[in-house]
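*Asks:* This is the structure I want to talk about, given as C-alpha cells.
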Amino acid sequence: MISNNTANGLNGQVFAVTGGASGIGLSIVSALCERGASVAILDLPNSQGALVATRLQEEGKHVQFFDANVSELERLDDVAAEVEKQLGPISGFVANAGISRVCAAMDYTPEAWRETMGVNLDGAFFSVQAFARRMRAHGGSIVMISSIAAKHVVSPETHAAYGASKAAVAHLASLLGIEWASLGIRVNAVAPGYTDTPILQKMKTDDPSTVAAWVNRTHLGRLLDPQEIANSVVFLLSGYSSGITGTVLEVDAGYR
C-alpha cells in the first residue's frame, strides 16, 4: 500500500530517533517537527535531550524526551512500548545512535571493539527490532544511519571498528528492507559523509589539516550541513519514497 504521507505533511505521524539530542540526530528531530510530526527523542539520561525537548515544546512542537541507551538491549522493547503509550502508534523510526573511537587497528582491545559494535550494530538492530514490532500491524518506515566509512576506506583517521560496524548496518538495512517488505515496513539506510556537526567544528581549530584532507576528497568541495542529512532521512521516512526499500542512500558530497 502506498503511503500518502509526503515529506511536507507528516501531521499526526509519530517518529522516534535514537541519538536525537545532538548533531545529525537533532537535525532529524527538528526536520520532522517542522513537518508536523510528533517526535520521540531517545538519548542517554546525561544528554541534552530533556533540554532540547523543552525548547522545542516552547516553540509549539510535539516532541518528548525518553531515556534510552541502545546498548541496554533488554530495555529497548520497553522503550518502544512507552513511546507508543505516550505518543500513539509509531509511523517511523531512525536508528541514529552511534559512537566512533579513533584507534590504530594494532591497539584495539576486545573491550573497545565490543563497545563500538555494541552501540553501532547490536544497538541499531535491537532498537529497530523493538520499534518494528510496534509497526507490524500497520506498516511504517525505518531509516538506519550508516556512514561513508561503510563503503570507503576513509583517511587519515583510523577506526576499523567504526567502519566495520557501519558496513554491517548498511547491509542489515538491505536485509531487513526485503524481509519486512511483506509487512509493509520499509527499511533503508542513509550513509552520511563528513558533516559539519559541533565535533567537526572543533576539529577545524584543533586539526585543520585533517578537515582539509576530508574536504579535498569531496567533489562538492565542502563539508555537509546536518540539515542535508536530515532532509534525506525525511524523504525515506515519507510517502515520497514509498517504492524504496533495502536501499543505501549515500549523502556524501561526492566523497571519493
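*Asks:* Let me know the Rg and Dmax you get for the chain when you use only its Cα atoms, in Å.
*Replies:* Gyration radius and largest Cα-Cα distance of the chain: 17.4, 51 Å.
*Asks:* Grab the DSSP H runs of the chain that are 4 residues or longer, score each as -39,500 (n - 2.57), total them, divide by all residues and round the 222 nm result to the nearest 500 deg cm²/dmol. List each step's numbers first, then the result.
*Replies:* Details: 9 runs with 104 residues, N = 256.
Calculated mean residue ellipticity at 222 nm is -12500 deg cm²/dmol.
*Asks:* Within the chain, which complete DSSP H helices have Cα atoms spanning at least 18 Å along the helix axis and a mean Kyte-Doolittle hydropathy of -0.5 or higher?
*Replies:* On the way: long enough: 160-179 (28 Å, 0.92).
Sorted by number, the helices that extend far enough and score high enough are 160-179.
*Asks:* Next question. Could you order Asp78, Asp252 by accessible surface area, starting with the largest, using a probe radius of 1.4 Å?
*Replies:* Numbers: Asp78 105, Asp252 15 Å².
Heavy-atom accessible area, descending, gives Asp78, Asp252.
*Asks:* Considering only the other residues whose Cβ falls under 13 Å of the Cβ of Arg114, what net charge follows from Lys and Arg at +1 and Asp and Glu at -1?
*Replies:* On the way: positive: Arg101; negative: Glu111, Glu115, Asp122.
Taking every Cβ under 13 Å from that of Arg114, the sum is -2.
*Asks:* Right, another one. How much of the accessible area of region 1-133, in percent, comes from carbon and sulfur atoms when a 1.4 Å probe is used? Don't skip to the answer; put the middle values down first.
*Replies:* Values: 3200 of 6290 Å².
On region 1-133, the fraction of accessible area on carbon and sulfur atoms equals 51 percent.
*Asks:* Grab the other residues whose beta carbon is less than 14 angstrom from that of Lys151, score K and R as +1, D and E as -1, and report the net. Each step should come with its number before you reach the end.
*Replies:* Numbers: positive: Lys166, Arg217, Arg256; negative: Glu250, Asp252.
Result for the neighbourhood of Lys151: +1.
*Asks:* How large is the dipole of the chain about the Cα centre if only Lys and Arg carry +1 and Asp and Glu carry -1, each at its Cβ, rounded to the nearest 20 debye? Write out the running numbers ahead of the final one.
*Replies:* Details: 18 positive and 24 negative charges, 119 e Å.
My answer is approximately 580 debye.
*Asks:* Okay, moving on. When the chain is modelled as a GNM with alpha-carbon springs shorter than 10 Å, which of Thr205, Thr158, Thr218 fluctuates the most?
*Replies:* Thr205
*Asks:* What nm distance separates the two modelled labels at Asp225 and Glu111, each placed 7 Å from Cα along Cα→Cβ?
*Replies:* Inter-label distance under the simple model: 4.3 nm.
*Asks:* While we're on this one: Would you work out which of Ser241, Gly36, Ala132 lies farthest towards the positive end of the dipole of the chain? Charges go on Cβ: Lys and Arg +1, Asp and Glu -1.
*Replies:* So the residue we want is Ser241.
*Asks:* Taking the Cα centroid of region 153-228 and of region 35-57, what is the distance between the two, rounded to the nearest whole Å?
*Replies:* For region 153-228 versus region 35-57, the Cα centre distance is 23 Å.
The values are calculated or read from the model by the stated rules, or taken from the named source; none is laboratory data. All values derive from a computational prediction rather than experimental measurement. Ideal geometry is used to build each Cβ from the backbone, glycine not excepted, and the neighbour counts take in all protein chains shown. Ligands, DNA and RNA are excluded from the accessible area calculation, which covers all protein heavy atoms including side chains. Shrake-Rupley method; radii C 1.70, N 1.55, O 1.52, S 1.80 Å.
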